[in-house]
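See below for the structure under consideration.
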């Protein structure tokens, strides 16, 4: 108790120096919470979005299908398994046929992936009901990014050229009947969606698909010839790795910030012990053990962390709450890299995150406060009380 | 009486139609003009885009239709870019990045240097006789030259174009114009040959104009500056080692 009282008295006595140390430490504390909040928020948001728009609760891929190698698309298709027919009728599985094609927006040539999906599916959020054919025109829908890239709007016709299953060229005009906005660029960029039956007919691949998305786990892990099941862990593997590497990158940044704040506290402690030798000598002369004196100085240093938590809470809580409300707007064009990003990232703070941050800041501050204080054990109390430099 | 009427009918047939060769014969004659064991070409490719026109110079060594090595000579931006085709594989070397990449998948559909030719057009199998049924459907004049109109319909499903229409010079057996159609009947590409010259014992075009009919622009001119047939192609040029 005496240590705490002394610590508070000394800290308040140091005035501006204490305030600067505390403020810098509070910045590190708030930044740690903020950065981790953004990473967690993005992680949460991205996973919800990809499950909703792309992955469902898992996917069956044709054994030859490799989404990163368009060269495989030509041979990656097989008859949709009969076992899934009932679920298909209910719309709880969505077979998708994938083929390469070329579109000619305004007479420019652009390579795309043409995807066929059942207009009545209820498995993923793509608004496929707009693919129901009502007249002569073949309806097509595009994501907003793709529409922006090719300057297409609802009602426009899009000339598309593709090769059928045997490699023969064919060309047709598609009518754009809808645009959709999604945070998942991997169902948007470079893609045009049409009805599954249309694409099957166009390519000569009747009742065939490249992948099958499932809506619930009851259709997972079935033994289907030529099809391999990809569960969410496998499908989200790349994203998890990306988020992991992003977390490491961010950790380096806030560790630098924390190191700067701790360096300031370390310096303050060294200076205090150097300038307050008479005080140290007096403490020992009055009967305090060296360990107790070290305790006083360590508590004094650690109090920076406690004060920084208070100061950080005063300015940090309103800031973090405001960010939670508004999110962090992402620069335009960021989503063109294929990352599932919304217009802004809404941070997700958890009690665990705050507690871990508090522990990290407090423990590291205690350590840097203790390290210079160890010098006290080597001090001669007679010399110290006389203020002789040791 | 029957003999007299048959004779009368034969006499009434115009001379040109009487001499009409079959579609296959015409294709054979075209092949003997256009194909060669090997060749060395220095050419210019003039690409007429929607906004500007670019000229690219190149030197090509080829053996049959399976192997070809091309090095771009100008402009400075493209200079040193090399392309190698070995049967159904295509590689491109870019000096800017000092990397060789195999053109596959999506990239095969991209245009070559922004022209109206795609990489997959370069890979297209030109053996027309095996995969198409040829029929002479008439006679038309192209730029003042009398031509046979030849319609080629695919006899197997594994060809790139369902139908080809070729206008063949009746005298020199050169295709002066060719149109390539999709399965739906949409005209996809058009090729026209100009400046026909006699080189050795064969007729060969000095300029070929390619046009992707779905794309805007005035097409791509391929101008032959120098050409030699049946030359010795240095062995080292037709291997991946030549790309660096």
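Only the coordinates and a few stated rules stand behind these numbers; no lab work does. Remember, it's a predicted structure, so these values are computed and weren't measured experimentally. Quick reminder, even Gly has a Cβ in these numbers, built from the backbone with ideal geometry, and neighbours come from all protein chains shown.
List of remarks:
- The label point for residue B:140 and the one for residue A:375, both projected 7 Å from the Cα toward the Cβ, are 9.8 nm apart.
- With the convex hull drawn over the C-alpha atoms of region B:20-243, the volume per residue is 130 Å³.
- Per-pair calculated FRET efficiency, R0 = 22 Å: residue B:51 and residue A:153 via Cβ, rounded to 0.05: 0.45
- Rounded to 10°, Cα long-axis angle of helix A:237-275 versus longest principal axis of chain A: 10 degrees
- Using C-alpha pairs below 8 Å separated by at least 6 residues, the relative contact order for chain A is 26 percent.
- In degrees, nearest ten, helix B:2-12 long axis to first principal axis of chain B (Cα): 40 degrees
- Cα-based helix-to-principal-axis angle, A:290-326 vs chain A, degrees rounded to 10: 30 degrees
- Beta bridges per DSSP with both ends in chain A, % antiparallel, nearest 5: 75 percent
- Fewest-first ordering of B:88, A:231 by other beta carbons within 10 Å of each residue's beta carbon gives B:88, A:231.
- Residue-averaged 222 nm ellipticity for the protein assembly as shown, from DSSP H runs of 4+ at -39500 (n - 2.57), nearest 500: -11000 deg cm²/dmol
- Pairwise FRET efficiency - residue A:255 versus residue B:231, Cβ, R0 = 60 Å, nearest 0.05: 0.35
- Distance between the C-alpha centres of region B:59-122 and region A:221-288: 50 Å, rounded to the whole angstrom.
- In this structure, residue A:181 and residue B:158 have a Cβ-Cβ separation that, at R0 = 35 Å, corresponds to a calculated FRET efficiency of about 0.30.
- More than 45 Å apart - percent of Cα-Cα pairs taken over the protein assembly as shown: 46 percent
- Distance from region B:131-199 to region A:113-180 (C-alpha centre basis), Å: 33 Å
- Contour excess over end-to-end distance, with Cα ends at residue A:324 and residue A:5 and 0.36 nm allotted per residue: 111.1 nm
- Peptide A:170-181 has a mean of 2 when you count, residue by residue, the C-beta atoms of other protein chains within 10 Å of its C-beta.
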